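See below for the structure under consideration.
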Amino acid sequence: MNITIIGTGYVGLVTGTCFSEMGNTVYCVDVVNEKINNLKKGIIPIYEPGLDVLVKNNYERGNLKFTTDLSEGLSNSESCFIAVGTPMGEDGSADLKYVRQVAKEIGEIITHDMIVIDKSTVPVGTADEVKAIINEELEKRNVSYKVDLVSNPEFLKEGNAVNDFMRPERVIIGSDDENAIEYMRNLYEPFTKNHERMIVMDIKSAEMTKYASNSMLANRISFMNEMANICDRVGANIDDVRKGMGSDSRIGNSFLYPGCGYGGSCFPKDVTALIKTASDNGYDAKLLKSVEEVNKQQKKYIVNKITSVYGEDLRGYTFAVWGLSFKPETDDMREAPSIIIINELVKRGAQVNAYDPKSIEYAKEFYLKDVDVNYFDDKYSPLEGADAVVLVTEWKEFRSPDFNKIKQLLKNPVIFDGRNQFKNSYMEKMGFEYFAVGK
């Protein structure tokens with residue numbers, strides 16, 4: 001099949017590359033010349049394990065093509081995926097300006113029937129709007145082509161996106177056209193051959209499924225963070241509570257890990273967008289508002305732990321921060337708890353030494369560019385002379401560090417663990433003053 005992917009961000013690049021791996025000819029289109037030129041050289045704009053090799057191999061085979069010319073892709077394709085960004089608007093809703101612009105360009109360019117697939121995370125009703133925009137442009141040109149809209153939301157976990165796409169838990173297809181549904185079945189058949197994973201529904205339900213799924217996961221995280229906060233006050237251990245809860249088959253173990261809050265490109269903006277959608281339709285989403293509020297508070301949890309030990313005035317103290325990205329195996333710092341934690345520490349006069357295996361450049365250039373932070377190239381150097389370690393992101397290299405070396409480098413053996421990576425008993429045995437979440 002010949003496919004056009006519009007947008008070479010996280011979702012678009014992974015989608016296009018994985019489709020090309022199965023032998024499809026894929027045109028990845030972006031308006032940024034530098035990004036397209038870099039992709040042709042094998043330089044990808046994100047860190048995602050395994051993606052760089054697939055991009056290089058499929059580009060060299062000719063399966064994967066990169067261009068800034070949308071007409072090149074559309075003229076050679078029977079379908080196109082809209083995979084542009086939908087950032088949070090000022091009112092909390094998803095900003096659809098890029099989606100609308102792409103829809104307009106599709107209507108201006110296409111020269112034959114087209115299946116248009118919404119891959120971007122968009123509010124309920126967006127597919128109808130996209131189709132209306134495309135048809136309006138076709139009418140202006142006085143041409144008539146059959147345009148079928150499909151909602152195909154993505155469920156890619158950053159750090160595991162390639163595997164998620166290649167071995168999907170489910171493929172959601174929203175469409176009311178049998179030909180479009182059959183096309184999507186054939187397109188995804190190589191990924192679902194061993195086990196039927198496709199769920200077909202109407203378009204609005206597919207659009208809603210994405211928001212509902214992310215909001216449920218965010219809900220579980222905020223719930224566990226709330227339980228951890230209660231455990232702190234009553235003297236219970238959230239790790240034991242989590243195990244007891246997770247053994248119930250109705251609950252399960254996934255997303256029951258407390259920490260210093262969720263971040264990333266999906267959960268924060270999707271929860272907010274769903275709250276706005278509910279409000280626009282006359283419903284007050286009280287539970288979702290609470291999920292959002294708990295998460296905002298939780299990002300200050302570690303700072304509150306630190307100030308409970310050292311006081312509000314942190315002048316003269318140095319903290320070694322381990323981890324900047326919102327989760328391991330990605331360089332994404334969007335809405336990362338580290339941003340709040342570091343800003344709060346610096347605001348109180350502390351010196352921050354930071355290390356992350358992938359996100360330092362993004363921190364310097366964007367997310368912490370106006371904050372006085374010392375950055376290091378390895379995990380031990382920031383500890384020298386510091387008053388405590390603050391673990392924010394659970395990268396694998398932080399799981400089994402040399403605790404004797406940590407004690408030698410720190411002024412005092414103190415660890416603030418925002419991800420509950422270590423056991424209280426072992427920390428006590430090693431002579432550390434150890435502060436975790438809900439323990």
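The values are calculated or read from the model by the stated rules, or taken from the named source; none is laboratory data. Quick caveat: nothing in here was measured; it's all calculated off a predicted structure. Methodologically, a virtual Cβ is constructed for each residue, glycine included, from the backbone with ideal geometry; neighbour enumeration extends over all protein chains shown.
Tabulated data for the structure shown
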| quantity | calculated |
| --- | --- |
| Single condition Gly316 does not satisfy, out of (1) in contact (Cβ under 8 Å) with a residue 60 or more places away in the chain; (2) surrounded by fewer than 20 Cβ atoms within 10 Å (Cβ to Cβ); (3) more than 28 Å from Gly89 (Cβ to Cβ) | (1) |
| Positions within region 131-188 being among the small types (Gly, Ala, Ser), under 30 Å from Asp332 (Cα atoms) and in a loop (DSSP other than H, G, I, E, B), in sequence order | Gly159 |
| Criterion violated by Ala273 - all others in (1) out of contact with any Gly (no Cβ under 7 Å at 6 or more places or on another chain); (2) surrounded by 20 or more Cβ atoms within 10 Å (Cβ to Cβ) satisfied | (1) |
| Val116 vs. criteria within 29 Å of Lys40 (Cβ to Cβ) and in the same structural domain as Thr25 (by TED's automatic domain parsing) | yes |
| One residue from Lys358, Lys423, Lys379, Lys405 being basic (Lys, Arg), surrounded by 13 or more Cβ atoms within 10 Å (Cβ to Cβ), in the same structural domain as Lys305 (by TED's automatic domain parsing) and free of Cβ contacts under 8 Å to residues at least 40 places away in the same chain | Lys423 |
| Sole residue being out of contact with any strand residue (DSSP E or B) (no Cβ under 8 Å at 6 or more places or on another chain) and buried (at least 23 other Cβ atoms within 10 Å of the Cβ), chosen from Val55, Val11, Val31 | Val11 |
| Matching entry among Gly264, Gly244 (being closer than 30 Å to Trp395 by Cβ, part of a helix (DSSP H, G or I) and of a type in the set (Gly, Ala, Ser)) | Gly244 |
| Residues that are acidic (Asp, Glu), touching a residue at least 60 places away in the same chain (Cβ under 8 Å) and under 21 Å from Tyr183 (Cβ atoms), drawn from region 68-125 | Glu78, Asp118 |
| Conditions (1) free of Cβ contacts under 8 Å to residues at least 12 places away in the same chain; (2) in the same structural domain as Leu288 (by TED's automatic domain parsing): number failed by Glu189 | (2) |
| Ile342 being touching a Gly at 6+ places or on another chain (Cβ under 7 Å) and among the β-branched types (Val, Ile, Thr) | no |
| Among (1) more than 23 Å from the chain's Cα centre (by Cα); (2) buried (at least 18 other Cβ atoms within 10 Å of the Cβ); (3) under 24 Å from Thr17 (Cα atoms); (4) not acidic (Asp, Glu) - the single one Ile134 does not satisfy | (3) |
| Meets criteria (farther than 17 Å from Phe435 by Cα and either of a type outside the set (Gly, Ala, Ser) or assigned by TED's automatic domain parsing to the domain that holds Asn424 (or both)) for Phe319 | no |
| Failed item, numbered, when Glu108 is tested on (1) part of a loop (DSSP other than H, G, I, E, B); (2) over 30 Å from Cys266 (Cβ atoms) | (1) |
| Meets criteria (farther than 27 Å from Ser265 by Cα, charged (D, E, K, R), in contact with a helix residue (DSSP H, G or I) (Cβ under 8 Å, 6 or more places away or on another chain) and in the same structural domain as Gly89 (by TED's automatic domain parsing)) for Asp148 | yes |
| Ser247 vs. criteria loosely packed, with under 15 Cβ neighbours inside 10 Å and not basic (Lys, Arg) | yes |
| Number of the condition not met by Ser290 [criteria: (1) surrounded by fewer than 16 Cβ atoms within 10 Å (Cβ to Cβ); (2) in the same structural domain as Gln351 (by TED's automatic domain parsing)] | (2) |
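Quick grid of which residues meet (1) modelled with pLDDT under 95; (2) within 18 Å of Lys119 (Cα to Cα); (3) surrounded by 15 or more Cβ atoms within 10 Å (Cβ to Cβ):
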site: Thr15; (1), (2), (3): no, yes, yes
site: Met22; (1), (2), (3): no, no, yes
site: Lys41; (1), (2), (3): yes, no, no
site: Tyr47; (1), (2), (3): yes, no, yes
site: Leu70; (1), (2), (3): no, yes, yes
site: Ala83; (1), (2), (3): no, yes, yes
site: Thr86; (1), (2), (3): yes, yes, yes
site: Asp91; (1), (2), (3): yes, no, no
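So that you can scan it fast, the table gives a plain yes or no per residue for (1) of a type in the set (Gly, Ala, Ser); (2) touching a Cys at 6+ places or on another chain (Cβ under 6 Å); (3) surrounded by fewer than 17 Cβ atoms within 10 Å (Cβ to Cβ); (4) farther than 25 Å from Arg399 by Cα:
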position: Ile302; (1), (2), (3), (4): no, yes, no, no
position: Ile306; (1), (2), (3), (4): no, no, no, no
position: Val309; (1), (2), (3), (4): no, no, yes, no
position: Pro328; (1), (2), (3), (4): no, no, no, no
position: Ile342; (1), (2), (3), (4): no, no, no, no
position: Gly349; (1), (2), (3), (4): yes, no, yes, yes
position: Ala354; (1), (2), (3), (4): yes, no, no, no
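Residue-by-condition table, conditions (1) among the hydrophobic types (A, V, I, L, M, F, W, C); (2) within 19 Å of Leu51 (Cβ to Cβ):
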residue: Asp128; (1), (2): no, no
residue: Ile133; (1), (2): yes, no
residue: Leu138; (1), (2): yes, no
residue: Ser144; (1), (2): no, no
residue: Phe155; (1), (2): yes, yes
residue: Met166; (1), (2): yes, yes
residue: Ser175; (1), (2): no, no
